[in-house]
Every structure is written in C-alpha cells, then in structure tokens.
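The values are calculated or read from the model by the stated rules, or taken from the named source; none is laboratory data. What you see is a predicted model, and the numbers here were worked out from it, not measured in a lab. Reconstructed Cβ throughout: ideal geometry from the backbone, glycine too, with neighbour counts over all protein chains shown.
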Amino acid sequence: MVVMLILIIASCTKTTTVVPVNNSPAITTTVSFSKDIQPILTKSCALSGCHSGTIAPDLTAADSYDALVNGNFVNTVTPDNSLVYLWLTGKEAITMPDGAANNPSNINALMLAWVTQGAKNN
C-alpha cells in the first residue's frame, strides 16, 4: 500500500507550487473591485498579448468586471471554485498571471475575498 501511494505521488506532473490562501493573512476588510482588484489586473493581466482583449476574459479596466461576472469566471456560491481563483492558484491549468513570479503575493487572497463578498462592482 505504501509503495502504491509513493507511485501515485511520484506520477504527479504539476510543476508550479503556489502558497495556499490559508497561509496568507486573513482579509477582514471589504475588498473593492476598482481599488483593490482592478489595479492588479491592469498591472499583471491586461497586458498586450494577454487579457487585453486578445485572450478571454478581457481584463482591461473598461471591460474586466463584466467579463469576469457575466463570463462565468466567478462563482459567489462556492468562491473557491471560481475559474478566476482556480487560475490564480494554479489549480486550473498554469498559474496566472503567467509565471508565479509575477503573481502579487496577496492577489489570491484578495480575489477570493472579493468573490466571497459577492463579487460587487465597487
């Protein structure tokens, strides 16, 4: 049984490790989409060739909120199953922003808190 467990673990192919949100400081204040989330999206995601209208969702300042909410990238019922959160944490394809080094340390916790708080356009 131990050998089988070792074989299963050894066969995993994930190459990016992301610190789980549980290790991040708890966010106890209201997360503002316009003040907290959008500046990070603008700096790290809405870049030429990325989510600036070329690749869905469009995360430019003018379109990001509608693209995320109306494009089914957020799930306020089970926030940790939101596609945007799964991409940020590397649980869905590669970690976003492309390359974990570009991911601001608090974006995962901020995004999860924003979705948990109802994904408001505030």
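Brief remarks on what is shown
- Boolean, VAL74 is assigned to a loop (DSSP other than H, G, I, E, B), surrounded by 14 or more Cβ atoms within 10 Å (Cβ to Cβ) and of a type in the set (A, V, I, L, M): yes
- The lone criterion from (1) buried (at least 21 other Cβ atoms within 10 Å of the Cβ); (2) of a type outside the set (Ser, Thr, Tyr); (3) part of a loop (DSSP other than H, G, I, E, B) left unmet by LEU88 is number (3).
- When ASN81 is tested against (1) buried (at least 17 other Cβ atoms within 10 Å of the Cβ); (2) closer than 21 Å to ILE27 by Cα, just one condition goes unmet, and that condition is (1).
- Residues within segment 95-122 that are assigned to a helix (DSSP H, G or I) and modelled with pLDDT of 75 or more, tallied: 10
- For segment 60-71, the count of residues that are at pLDDT 95 or above, surrounded by fewer than 17 Cβ atoms within 10 Å (Cβ to Cβ), of a type outside the set (A, V, I, L, M) and within 14 Å of the chain's Cα centre (by Cα) is zero.
- Sub-8 Å Cβ pairs linking a first residue in segment 94-110 that is among the small types (Gly, Ala, Ser) to a second residue that is at pLDDT 75 or above, at least 6 apart or interchain, are ALA100/GLY90; ALA109/ILE27, ordered by first then second residue.
- Residue in segment 45-55 that is modelled with pLDDT of 95 or more and assigned to a loop (DSSP other than H, G, I, E, B) present: no
- Filtered by the rule that a residue be part of a loop (DSSP other than H, G, I, E, B), modelled with pLDDT of 70 or more and out of contact with any helix residue (DSSP H, G or I) (no Cβ under 7 Å at 6 or more places or on another chain), segment 1-44 gives ALA26, THR28, THR29, THR30, SER32.
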